[in-house]
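Only the coordinates and a few stated rules stand behind these numbers; no lab work does. The structure presented is a predicted model; accordingly, all values stated were derived computationally and were not measured. All Cβ positions, glycine included, derive from the backbone under ideal geometry; neighbour counts span all protein chains shown.
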Amino acid sequence: MAAKFRVKDELLYTYGDKFFYTVVNVFIIFMLVIMAVPMWSTITLSLRSNTFNGSNLEGMFLDPRQWSLAAYKTMLGNSGFFNSLVNSLKIFVMGVACSLFFTIPLAFSLSIKTLPGRKFFNVLILIPYLFNVGLVPTYLVVIKTGLTNTLASVFFPMAISTYNCIIMRGFFEGIPEELKESARIDGASEVTVLVRIILPLSKPIIMTIGLYYGVSFWNDFFHAMLYISTNSLQPLPILLRNILMSGNMNEFLEVNAFGNAPVQAIKAASVFMSAIPMLLVYPFIQKYFTKGTLLGSVKG
């Protein structure tokens, strides 16, 4: 009997299916190579010493015994790098917490079907998503509220994303209405329903939206460049930008001209080290990522 089912499955697996899956696999491998080669080139570039005189291609296949950690020692031994790293971590943590604190209640409110004016509010939040107010009005608001030269200026004006709010609203709408109604019948307030019923069931979407916000705040250098002029408050993307664009590395890092790390290796090390925190966070959130995005976008 099992053999019959196996034959039937093989007959259903047509040549067209085999061709399609082959094309998909080739495409995925091709995309993997496109993403992996630049990353490997950056890593190997950061591990070169001043004694290396070969081409970039030769450097990508350099013997590991000839690798040098001098570029990383230069970065880790600099106080400015650690200060910028701490500022970026503060922006990351406070930004994600602040954004989720505002996005979750807003998305939950918009998901309540009996909310008076629900359609109006759903349309209202789409207006800033479709029509951007522009840079100058946003800049004036940040100045008038006194957020300049503070870490809050990087994440607070962008604390709510309409796109993320819509995805989270769709997830909340997918939770069975009977669970909410049973709590309301027992006398629970909307806040209690959100805290006791919705949030324990919404771990996938919270982790997913938190990742969206976290990556955005971690990589954001434009708003920090606009609103922060104090060197001690500049986050890691600003330091990275300055290093990559500088002609004189000593302007930002104390580099010994007779050291073992070339300037290009230091730049590559700074790029790779700035990506390490996100690489460490993503594996713990990956299992929630697909589930949260798909379920949240069904009714969005």
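General observations
- Test set (1) in a loop (DSSP other than H, G, I, E, B); (2) within 24 Å of the chain's Cα centre (by Cα) - residue 114 fails condition number: (2)
- Of the listed requirements (1) in contact (Cβ under 8 Å) with a residue 40 or more places away in the chain; (2) over 22 Å from the mean Cα position of the chain (by Cα); (3) under 22 Å from residue 266 (Cβ atoms), residue 81 misses just one: (2).
- Of the listed requirements (1) under 30 Å from residue 240 (Cα atoms); (2) aliphatic (A, V, I, L, M); (3) under 23 Å from the mean Cα position of the chain (by Cα), residue 60 misses just one: (3).
- Region 124-145 - residue that is of a type in the set (Val, Ile, Thr) and within 24 Å of residue 109 (Cα to Cα) and, of those, farthest from the chain's Cα centre (by Cα): 127
- The helices (runs of 4 or more DSSP H) falling completely within region 120-218 that include 2 or more residues that are in contact with a Leu (Cβ under 7 Å, 6 or more places away or on another chain), closer than 30 Å to residue 87 by Cα and of a type outside the set (D, E, K, R) map to 162-174.
- Qualifying residues in region 192-205 (those that are in contact (Cβ under 8 Å) with a residue 12 or more places away in the chain and under 12 Å from residue 108 (Cα atoms)) - the one surrounded by the most Cβ atoms within 10 Å (Cβ to Cβ): 202
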